[in-house]
Amino acid sequence: MGRIDTSDFKNGLNILLDGQIYTIVEFQHVKPGKGGAFVRTKLRGVENEKNIDKTFRSGESVESVRIERHPYQFLYKEGSMYHFMHNETYEQITLEESRVEKHEYLVDGEQCELLINVENDKVLYAEPPAQITTTVVETDPGLRGDTAQGGTKPAVIASGATVTVPLFINIGELIRVDTRTGEYIERAKS
């Protein structure tokens, strides 16, 4: 980890603050007419998902943290432990459920990204792709002509998660789901 100055701040930069890693979402240099200049920032916690506002004095230094994303394949779940395999080296990593984002959308074989702190090779967390294509395994039958009103119904997908889908979706159909919001996007081509 290297120390950086507030003049080096940029969006997406990861810093260490009070023992936690935060990503700079937004920053603004402010030079008031009276007093010293400062930098106003919005930070999002990498591990704890907290959003905070922090003001730094101009020229103040902080620790920067280098985080890399690596592609891993989700293999299987055993109890509350999730097993992943690196796509190129075949190295396997096991993570507890609390460090797997949106785990309710994972099915065996799903491609994920693991965020790794390069300084100490610690895996921070795993996240599924932003969109997945999955099969509807359980839902009420769709009725012909129900598309005009735009109604919705709950459907259980292959991973076991429940998603709200349009009335015309039936069991066995492939759909695309946004894992960030849990919303139905569209029917998928098979």
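Each reported figure results from applying straightforward, stated rules to the coordinates on display, with no laboratory input. Worth saying up front: this structure is predicted, and the values here are computed from it rather than measured. A quick note on method: Cβ atoms are made from the backbone with ideal geometry, for glycine too, and the neighbour counts reach across all protein chains shown.
Across the chain, the longest run free of exposed loop sites, meaning chymotrypsin sites (Phe, Trp or Tyr not before Pro) lying outside DSSP classes H, G, I, E and B with no more than 16 other Cβ atoms within 10 Å, spans 1-89.
Please name which of I93, V137, I171 has its Cα lying farthest along the dipole of the stretch 91-190 towards the positive end, using unit charges on Cβ (Lys, Arg +1; Asp, Glu -1) and the Cα centre as origin. Of the candidates, I171 comes out farthest on the positive side.
Across T94, T55, T41, mean-square fluctuation computed from a Gaussian network of the chain (C-alpha pairs under 10 Å connected) peaks at T55. Between the alpha-carbon centres of the stretch 74-113 and the stretch 117-135 there is a gap of 8 Å. On a 29 Å Cα-Cα criterion, which of the cross-link pairs K50/K189; K42/K189; K54/K122; K50/K77; K31/K122; K42/K77 come out too long? Over 29 Å Cα-Cα: K50/K189; K42/K189; K31/K122; K42/K77. The residue among N48, T23, F38 whose Cα reaches farthest toward the positive pole of the charge dipole of the chain, with charges on the beta-carbon of Lys, Arg, Asp and Glu, is F38.
Judged by the ratio a/c of the largest to the smallest principal axis of the C-alpha gyration tensor, the stretch 3-64 counts as prolate, that ratio being 1.5 or greater while a/b is larger than b/c.
Residues whose amide H lies under 5 Å from that of L17, counting only those 5 or more places away or on a different chain, are Y22; hydrogens are built 1.01 Å from N in the peptide plane. Dipole size of the chain about its Cα centre, with +1 on Lys/Arg Cβ and -1 on Asp/Glu Cβ: approximately 920 debye, rounded to the nearest 20.
3J(HN,Hα) along the stretch 65-82: 10, 9, 10, 10, 9, 10, x, 9, 9, 6, 8, 6, 10, 10, x, 9, 9, 10 Hz, from the Karplus curve 6.51 cos²θ - 1.76 cosθ + 1.60 with θ = phi - 60°, whole Hz, x for Gly and Pro. Comparing R66, R44, R57 in a Gaussian network model of the chain where C-alpha atoms under 10 Å apart are linked, the largest mean-square fluctuation is found at R57. If you take the Cα centroid of the stretch 158-175 and the Cα centroid of the stretch 15-47, the two points sit 42 Å apart. Which of rounded, prolate or oblate describes the stretch 1-117 when judged by the alpha-carbon gyration tensor and an a/c cut-off of 1.5? Prolate.
Over the Cα atoms of the stretch 67-127, the radius of gyration divided by the Kirkwood radius equals 0.93; this is the Rg/Rh ratio. Shape call for the stretch 148-190 from the C-alpha gyration tensor, a ≥ b ≥ c root eigenvalues: rounded (a/c under 1.5), prolate (a/b greater than b/c) or oblate? In terms of gyration-tensor shape, rounded. Amide hydrogen proximity for A188: with H placed 1.01 Å from N in the peptide plane, the residues at 5 or more positions away or on another chain lying under 5 Å are L174, I175, R176. Remark on E113: its backbone amide H falls under 5 Å from those of Y72, E127, a criterion applied only to residues 5 or more positions apart or on other chains, H modelled at 1.01 Å from N.
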